[in-house]
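Following this message is one structure expressed as structure tokens.
The values are calculated or read from the model by the stated rules, or taken from the named source; none is laboratory data. Not measured: the values here are computed from a predicted model. Note: ideal-geometry Cβ built from the backbone for every residue, glycine included; neighbour counts use all protein chains shown. What goes into the accessible areas is simple: the full protein's heavy atoms, side chains included, and nothing from ligands, DNA or RNA. Shrake-Rupley method; radii C 1.70, N 1.55, O 1.52, S 1.80 Å.
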Amino acid sequence: MGEVVVPIEDKSKHVLPLYLPPTPVPFQIITIKDTPGAAAGVSPPPQGVVNLSELESWLPLTESRNGSTFSAILHLLCSGIGFQVLFLPVAFASLGWAWGIICLSIAFMWQLYTTWLLVNLHEPVPGIRCSRFVRMSILAFGPKLGKLLAIFPVMYLSGGSCVMLIITAGSSMEQLFNIICEEGTMCGSMSLSGTQWFLIFTCIALIIAQLFPNLNSIARVSLTGAITSIGYCTMIWALSISKGRPNDVSYGIPVADRTGMTGFGNILNAIGIIMLAFRGHNLILEIQGTLPSDSKHPSRKSMWRGVMVSYMIIAMCLFPLAIVGFWAYGNKIPEEGILTAFTKFHGQDTSKYVIGLIYIWLTISCITSYQIYAMPAFDNLEFIYASSKKRRCPGWVRAGICLFFGGVTFFVAVAFPFLGKLAPLIGGMAAVPLTFVYPCFMWISIRKPRAKGAMWSLNLGVGSIGIVLSLLLIVAAVWKLDDKGLNANFFRP
């Protein structure tokens, strides 16, 4: 069976957006048979009517629905393990052993619950699939509020994440170069600037993006990303154990850092680090959209199997990294994270090839993550073309869109190389609500559970706590910027 979207009492041409807000014109969904001729009992659709299934088959996120549970696992691992996990021991240094483990465990269970909500909301009505987070937000909260709440977080977590990947990978590539080409060697005098490293990474990422036109096709890329992400996380904590702790490591929190406004701000910033370590919720619906679905085998079953396997692996990366990192370095851990701590304390007694391998894996992980996080932006830009031209994007247009997006992210990375210092502030406004808050209220709005029932109360309570936490994290981030200042090195990466 197929579906067409027909405008009611309006003869003008309208398109049902997949990413942008829908038109105010009402629509009714009429199910027709996928036959070349006219549908039985339904006249052919009038001129200008958009065939939703055909339009979705043109776009990168839903062009292919032949994915599997295994491919979903790979996408979830690639998008779910990022360089943010390297800062988890920093959070433990402000929270201590007990509260660090408690907060990390609560955040993990919380985001796993909101993932379950999204997976089960993917098909709110049998036969209708919401394969984009913005479209789900519009369905739940209406055109105006849905767009207001979702577009900025989704675009930040797409474009902003790509910018951060350029900055992180550029720095990683520079560190790798410095390790291999020591001072005095022939290549040591050929060091590149930060901008040039950013450009090299962007070019590599865009070349790979040209080879894989849709989300389902990058499963092999996600496999590489999953292996390298697990690899560098495991290597860092395993080497930290084997090398032992530096002298005079302490796990106590100084009195000045745990009292007054300073202590309150440090605790909130630590909670923010933990919450921002969990990422990828803006891609859950999109990844599920690559899976086949029918009445007998709905996509939520295979997707949830993928979620359970992938999040078990993610937990096996995050918890050891946080706990071992704090055990190994205690309050000596720098703000730059556990990788900086390892090179600082053990760089002299560790082979440069071992440290270089960690940076190589980190760089490859950033390259593969760029592909999956750029997909929503590619999808939106291609939607604008396809809906206006009423046809699929030709290859040269897709290449142009890819180059345009890459150019924008490269420019922002060069212009704002200090963007990472603003991550707690922007993350409190975008990532935290999208991950921990919106799915709860989406469930209440779409599924309409019984008022004051178990699911209604649970989602209302969890969502409300998330809103309060988001506001507190924003306040703490602003306070930290005001207290320590911001080295805004514009165009000087």
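Mind listing whichever residues of the stretch 92-107 are under 24 Å from the mean Cα position of the chain (by Cα) and either within 17 Å of Val432 (Cβ to Cβ) or open to solvent by 30 Å² or more (accessible area, probe 1.4 Å) (or both)? It would help to see each step written out before you state the result.
Initial filter on the stretch 92-107 (under 24 Å from the mean Cα position of the chain (by Cα)): 92, 100-107.
Passing the criteria: Ile101, Ile102, Cys103, Leu104, Ser105, Ile106, Ala107.
Looking at the structure I just gave you, is Phe404 free of Cβ contacts under 8 Å to residues at least 40 places away in the same chain, aromatic (Phe, Trp, Tyr) and within 19 Å of Leu165 (Cα to Cα)?
On the way: free of Cβ contacts under 8 Å to residues at least 40 places away in the same chain: yes; aromatic (Phe, Trp, Tyr): yes; within 19 Å of Leu165 (Cα to Cα): yes.
For Phe404, the condition - free of Cβ contacts under 8 Å to residues at least 40 places away in the same chain, aromatic (Phe, Trp, Tyr) and within 19 Å of Leu165 (Cα to Cα) - is met.
Now for a separate question. Could you tell me which numbered condition Ile180 fails, if it satisfies all but one of (1) within 27 Å of Tyr353 (Cβ to Cβ); (2) touching a residue at least 24 places away in the same chain (Cβ under 8 Å); (3) surrounded by fewer than 18 Cβ atoms within 10 Å (Cβ to Cβ); (4) within 26 Å of the chain's Cα centre (by Cα)?
Failed condition: (4).
Still on this structure: Could you list all residues from the stretch 287-301 that are open to solvent by 20 Å² or more (accessible area, probe 1.4 Å) and touching a residue at least 12 places away in the same chain (Cβ under 8 Å)? Full working, then the answer.
The first filter runs over the stretch 287-301 and keeps only residues open to solvent by 20 Å² or more (accessible area, probe 1.4 Å), leaving 292-297, 300-301.
Passing the criteria: Pro292, Ser293, Ser295, Arg300.
Six or more apart or on different chains, Cβ under 6 Å: which pairs go from a residue in the stretch 436-465 that's closer than 17 Å to Leu145 by Cβ and in contact (Cβ under 8 Å) with a residue 40 or more places away in the chain to one that's open to solvent by less than 40 Å² (accessible area, probe 1.4 Å) and part of a loop (DSSP other than H, G, I, E, B)? Could you list them?
Ile446/Pro124
For Gly263, all conditions in the list (1) open to solvent by less than 40 Å² (accessible area, probe 1.4 Å); (2) touching a residue at least 40 places away in the same chain (Cβ under 8 Å) hold save one; what is the number of the exception?
Every condition holds for Gly263 apart from (2).
Restricting attention to the stretch 463-480, which residues are out of contact with any helix residue (DSSP H, G or I) (no Cβ under 7 Å at 6 or more places or on another chain) and either under 19 Å from Ile167 (Cβ atoms) or of a type in the set (Ser, Thr, Tyr) (or both)?
Result: Ser464, single match.
Another question, if that's okay. For the stretch 36-78: of the residues being among the polar types (S, T, N, Q) and open to solvent by less than 70 Å² (accessible area, probe 1.4 Å), which is modelled with the lowest pLDDT?
In the first step, residues of the stretch 36-78 are kept if they are among the polar types (S, T, N, Q); the result is 43, 47, 51, 53, 57, 62, 64, 66, 68-69, 71.
Still in the list and also open to solvent by less than 70 Å² (accessible area, probe 1.4 Å): 51, 53, 57, 62, 64, 68-69, 71.
Numbers: Asn51: 74, Ser53: 77, Ser57: 88, Thr62: 91, Ser64: 90, Ser68: 94, Thr69: 96, Ser71: 96.
So, considering only residues that are among the polar types (S, T, N, Q) and open to solvent by less than 70 Å² (accessible area, probe 1.4 Å), the one modelled with the lowest pLDDT is Asn51.
Which of the residues spanning the stretch 218-229 are open to solvent by 30 Å² or more (accessible area, probe 1.4 Å) and closer than 21 Å to Pro292 by Cα?
Narrowing the stretch 218-229 to residues open to solvent by 30 Å² or more (accessible area, probe 1.4 Å): 220, 223-224, 227.
Selection gives Arg220, Leu223.
Right, next: Looking at the stretch 410-421, which of its residues are touching a residue at least 24 places away in the same chain (Cβ under 8 Å), part of a helix (DSSP H, G or I) and open to solvent by 30 Å² or more (accessible area, probe 1.4 Å)?
The initial filter retains those residues of the stretch 410-421 that are touching a residue at least 24 places away in the same chain (Cβ under 8 Å), namely 410, 412-421.
In the following step, the residues that additionally are part of a helix (DSSP H, G or I) were identified as 410, 412-415, 419-421.
Those that are touching a residue at least 24 places away in the same chain (Cβ under 8 Å), part of a helix (DSSP H, G or I) and open to solvent by 30 Å² or more (accessible area, probe 1.4 Å): Phe410, Val412, Gly420, Lys421.
Can you tell me which residue among Pro394, Pro376 is open to solvent by less than 50 Å² (accessible area, probe 1.4 Å), closer than 20 Å to Ile218 by Cα, in contact with an Asp or Glu (Cβ under 8 Å, 6 or more places away or on another chain) and not aliphatic (A, V, I, L, M)? If you could, list the steps in order and put the result at the bottom.
Values: Pro394 fails: in contact with an Asp or Glu (Cβ under 8 Å, 6 or more places away or on another chain).
Sole residue among the options that is open to solvent by less than 50 Å² (accessible area, probe 1.4 Å), closer than 20 Å to Ile218 by Cα, in contact with an Asp or Glu (Cβ under 8 Å, 6 or more places away or on another chain) and not aliphatic (A, V, I, L, M): Pro376.
Assuming Ile426 fulfils every condition listed in (1) modelled with pLDDT of 95 or more; (2) more than 24 Å from Ile218 (Cα to Cα); (3) not charged (D, E, K, R) apart from one, which condition is it?
In the conditions (1) modelled with pLDDT of 95 or more; (2) more than 24 Å from Ile218 (Cα to Cα); (3) not charged (D, E, K, R), Ile426 misses (1) alone.
Conditions (1) touching an Asp or Glu at 6+ places or on another chain (Cβ under 8 Å); (2) of a type in the set (Val, Ile, Thr), marked per residue:
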| position | (1), (2) |
| --- | --- |
| Pro334 | no, no |
| Ile355 | no, yes |
| Asn380 | no, no |
| Ile401 | yes, yes |
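If you don't mind, another one. Scan the stretch 352-373 for residues that are farther than 20 Å from Leu206 by Cα and buried (at least 23 other Cβ atoms within 10 Å of the Cβ) and report the count. I'd like the intermediate steps shown before the answer.
We begin by selecting, within the stretch 352-373, every residue farther than 20 Å from Leu206 by Cα; these are 352-359.
From what is left, the residues that are buried (at least 23 other Cβ atoms within 10 Å of the Cβ) are 358-359.
Count: 2.
Let me ask something else. Going by the conditions given, is Gly252 farther than 25 Å from Met375 by Cα, of a type outside the set (Asp, Glu) and in a helix (DSSP H, G or I)? Don't jump to the end; show me each part of the working.
Values: farther than 25 Å from Met375 by Cα: yes; of a type outside the set (Asp, Glu): yes; in a helix (DSSP H, G or I): no.
Answer is no for this residue.
Quick one: in the stretch 99-128, of everything that is outside any helix (DSSP H, G or I) and not hydrophobic (A, V, I, L, M, F, W, C), which residue is nearest to Met312 (Cα to Cα)? I'd like the intermediate steps shown before the answer.
Residues of the stretch 99-128 that are outside any helix (DSSP H, G or I), as a first pass: 122-128.
Filter again for not hydrophobic (A, V, I, L, M, F, W, C), leaving 122-124, 126-127.
Working: His122: 22, Glu123: 25, Pro124: 27, Pro126: 30, Gly127: 30 Å.
By that ranking, first place goes to His122.
Is it the case, given these coordinates, that Ile372 is under 20 Å from Phe133 (Cβ atoms) and either in a helix (DSSP H, G or I) or within 20 Å of the chain's Cα centre (by Cα) (or both)? Working first, answer last.
Working: under 20 Å from Phe133 (Cβ atoms): yes; either in a helix (DSSP H, G or I) or within 20 Å of the chain's Cα centre (by Cα) (or both): yes.
It is true that Ile372 is under 20 Å from Phe133 (Cβ atoms) and either in a helix (DSSP H, G or I) or within 20 Å of the chain's Cα centre (by Cα) (or both).
Something else about it: So Asn247 ticks every box in (1) modelled with pLDDT under 95; (2) open to solvent by less than 70 Å² (accessible area, probe 1.4 Å) but one. Which box is left unticked?
Just one mismatch for Asn247, condition (2).
Residues of the stretch 144-160 being farther than 25 Å from Gly461 by Cα and surrounded by fewer than 22 Cβ atoms within 10 Å (Cβ to Cβ), which ones?
Met155, Tyr156, Gly159, listed by residue number.
Another one. Looking at Phe404, Phe383, which is the one that is open to solvent by 30 Å² or more (accessible area, probe 1.4 Å) and part of a helix (DSSP H, G or I)? Reasoning before the result, please.
Working: Phe383 fails: open to solvent by 30 Å² or more (accessible area, probe 1.4 Å).
Just a single option satisfies the conditions, and that option is Phe404.
Within the stretch 337-351, take every residue that is outside any helix (DSSP H, G or I) and surrounded by 15 or more Cβ atoms within 10 Å (Cβ to Cβ) and give me the one that is modelled with the lowest pLDDT. Don't jump to the end; show me each part of the working.
Of all residues in the stretch 337-351, those outside any helix (DSSP H, G or I) come to 337, 347-351.
If we keep only those that are surrounded by 15 or more Cβ atoms within 10 Å (Cβ to Cβ) as well, we get 337, 350.
Details: Gly337: 93, Thr350: 90.
Once the filter is applied, the top-ranked residue is Thr350.
Among the numbered criteria (1) open to solvent by less than 30 Å² (accessible area, probe 1.4 Å); (2) closer than 26 Å to Ile372 by Cβ; (3) more than 25 Å from the chain's Cα centre (by Cα); (4) not aliphatic (A, V, I, L, M), which one does Gln196 miss?
That leaves (1) as the condition not met.
Hey, could you check the stretch 458-480 for residues that are out of contact with any Pro (no Cβ under 9 Å at 6 or more places or on another chain) and of a type outside the set (A, V, I, L, M, F, W, C) and say which is least open to solvent (accessible area, probe 1.4 Å)?
Result: Gly461.
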